[in-house]
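Have a look at the structure below before the remarks.
The values are calculated or read from the model by the stated rules, or taken from the named source; none is laboratory data. Just so it is clear, the model here is predicted, and its values are computed rather than measured. Neighbour counts run over all protein chains shown; Cβ positions are idealised from the backbone, glycine included.
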Amino acid sequence: MIPDQNRFQSDPDQLVGDRPGLPDGWTVGTPDPADRFDVARLTHLLRAHERHGRGWAGSGVDDVLVEVSERGLQMRENVVVRDASGEIHAWGSVHDRSAGRMLFVHIVERDLADEVADACSDVLLAWAEGQARSVGSARGLPAQQIDTGTFDGDERQARWLREAGYEKVRRWWQMSRPVSPDERDLVPDPDRWETGGVVFRLVGRSGDGMPDHDDLREVHDVLEGAFVDHFNSSEETFEEFLFRLREDPGHRWDHWWLGELLDGDRPQPVGALIGTVSESSTGPDGSYVSYLGVLEAARGRGVAKGLLRTIIADAAARGRDRVGLEVDADSPTGAAGLYASMGWTTKYATESWHRDVPVS
């Protein structure tokens with residue numbers, strides 16, 4: 001189900017106003033998803049941003065289309081800064097992620113002169129502030145959070161955010177674990193297996209081959225309950241949840257697992273893992289743990305470890321060579337210790353920066 005409204009302002013002129021510092025002839029507008037040159041240029045900017053931040057690029061055209069396509073624009077809006085010839089040099093994207101939380105992508109070309117780069121950044125930041133007021137007002141909120149980020153060590157990006165009133169609030173470890181072919185036997189069957197009174201299984205399928213609706217609701221409910229006390233958690237409706245996750249280019253229904261306790265008359269869902277595919281153009285694909293959650297009452301029963309063993313075995317059976325995930329470096333739950341004990345190591349780090357914008 002697609003959410004029924006876009007809460008953003010589609011005309012950047014209504015938000016940005018004067019653009020001091022931009023060279024003569026430079027303009028502010030929106031990208032055209034039907035223009036292959038626009039899409040190619042945005043892809044180039046995104047990949048260059050990643051290469052500078054962590055040493056390699058992982059995104060592609062599909063990741064850009066998530067932000068700018070007609071479907072993506074149900075919950076997003078975009079702005080670009082073009083030179084006099086029409087070439088894009090800066091790109092901002094906002095995502096109405098959930099009540100009170102707006103994600104913000106901020107990318108400025110690395111080769112620009114400092115004063116031009118600063119001016120482009122000012123445009124993106126002013127636009128995002130205006131979009132925060134727009135979406136916050138539509139949701140009836142007194143303040144709207146902007147949630148953006150940087151690669152650890154990106155001083156230019158951090159300076160722009162700091163000067164615009166953002167605060168660095170969290171650090172994240174981006175971890176990866178190698179997978180060997182023999183690990184397909186890590187569990188009896190990734191589709192369904194049982195140990196210690198817990199069954200691990202893929203979400204079911206209905207007669208038309210689509211995932212069982214009740215199972216999808218169980219995944220949503222488990223994750224909402226598991227993360228209720230976690231950093232920056234915000235309530236997301238079932239419809240928003242499904243719409244957002246299906247947008248991911250790596251989305252696959254056969255990468256969604258439930259962990260169920262068998263203590264009572266019927267299995268009780270207490271854990272969930274949502275995986276995706278990390279495609280590679282130079283070697284084997286990988287798997288990625290997008291979400292892993294276990295209800296507090298069931299912690300200590302081996303549910304999280306069982307779900308992780310399941311996705312590792314599944315990745316090995318598919319001929320993949322790695323499983324990636326993200327963990328809160330400041331989390332009090334000890335999750336990082338579990339991942340390290342199972343072979344995950346940190347490849348790079350990112351930072352979350354927040355700003356709360358009053359909504360008038």
- Among the numbered conditions (1) assigned by TED's automatic domain parsing to the domain that holds G264; (2) surrounded by 18 or more Cβ atoms within 10 Å (Cβ to Cβ); (3) closer than 17 Å to I274 by Cβ; (4) not small (G, A, S), tell me where M175 comes up short. (1)
- Out of all the residues in the stretch 240-252, which are under 21 Å from F200 (Cβ atoms) and either surrounded by fewer than 17 Cβ atoms within 10 Å (Cβ to Cβ) or in contact with a Lys or Arg (Cβ under 6 Å, 6 or more places away or on another chain) (or both)? H251, R252
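Which ranges mark the helices (runs of 4 or more DSSP H) fully within the stretch 1-116 that have 2 or more residues being of a type in the set (F, W, Y)?
Numbers: elements: 13-16, 36-54, 61-68.
In the stretch 1-116, there are no helices (runs of 4 or more DSSP H) which contain 2 or more residues that are of a type in the set (F, W, Y).
The rows are residues; the columns are (1) within 25 Å of G100 (Cβ to Cβ); (2) surrounded by 19 or more Cβ atoms within 10 Å (Cβ to Cβ).
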position	(1), (2)
W127	yes, yes
R156	no, no
W160	yes, yes
V179	no, yes
D185	no, no
M210	no, no
- Query: Among the residues of the stretch 139-149, is there at least one that is free of Cβ contacts under 8 Å to residues at least 12 places away in the same chain and exposed (fewer than 15 other Cβ atoms within 10 Å of the Cβ)?
  - Reply: yes
- Sort out which residues of the stretch 348-360 are modelled with pLDDT of 95 or more and either under 18 Å from the mean Cα position of the chain (by Cα) or among the small types (G, A, S) (or both), and write them in order of number. Y348, A349, T350, E351, S352, W353, H354
- Could you tell me whether any residue of the stretch 66-76 is under 21 Å from the mean Cα position of the chain (by Cα), surrounded by 15 or more Cβ atoms within 10 Å (Cβ to Cβ), of a type in the set (V, I, T) and closer than 27 Å to G136 by Cα? yes
- Message: G334 - would you say it is among the small types (G, A, S) and either more than 16 Å from the chain's Cα centre (by Cα) or at pLDDT below 95 (or both)?
- Response: yes
- Name the strands (runs of 3 or more DSSP E) wholly within the stretch 141-230 that hold at least 3 residues that are within 26 Å of R76 (Cα to Cα)? 143-151, 167-178
- Looking at the stretch 213-234, which of its residues are surrounded by 13 or more Cβ atoms within 10 Å (Cβ to Cβ) and charged (D, E, K, R)? D215, R217, E218, D221, E224
- When the stretch 85-127 is examined, which residues are found to be within 18 Å of P20 (Cβ to Cβ), of a type in the set (G, A, S) and touching a Ser or Thr at 6+ places or on another chain (Cβ under 8 Å)? A90
- Single residue of G286, G275, G306, G271 found to be farther than 20 Å from A226 by Cβ, modelled with pLDDT of 95 or more and not assigned by TED's automatic domain parsing to the domain that holds E163: G286
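For the structure I just gave you, tell me whether V135 is outside the structural domain of G21 (by TED's automatic domain parsing), among the β-branched types (V, I, T) and not in a strand (DSSP E or B). Break it down stepwise before answering.
Working: outside the structural domain of G21 (by TED's automatic domain parsing): no; among the β-branched types (V, I, T): yes; not in a strand (DSSP E or B): yes.
Answer is no for this residue.
To keep it simple, each residue is scored yes or no on (1) within 19 Å of H255 (Cβ to Cβ); (2) under 28 Å from the mean Cα position of the chain (by Cα).
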site: V187; (1), (2): yes, no
site: T195; (1), (2): no, no
site: G204; (1), (2): yes, yes
site: D214; (1), (2): yes, yes
site: R217; (1), (2): yes, yes
site: D229; (1), (2): no, yes
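Restricted to the stretch 112-150, and to residues that are among the polar types (S, T, N, Q) and closer than 22 Å to V359 by Cβ, which residue is farthest from the chain's Cα centre (by Cα)?
Within the stretch 112-150, the subset among the polar types (S, T, N, Q) is 121, 131, 134, 137, 144-145, 148, 150.
Now drop any that are not closer than 22 Å to V359 by Cβ, which leaves 131, 134, 137, 144-145, 148.
Numbers: Q131: 19, S134: 22, S137: 24, Q144: 19, Q145: 16, T148: 11 Å.
By that ranking, first place goes to S137.
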- How about the stretch 253-287: which of its residues are surrounded by fewer than 22 Cβ atoms within 10 Å (Cβ to Cβ), within 20 Å of the chain's Cα centre (by Cα) and of a type in the set (S, T, Y)? T276, S278, S280
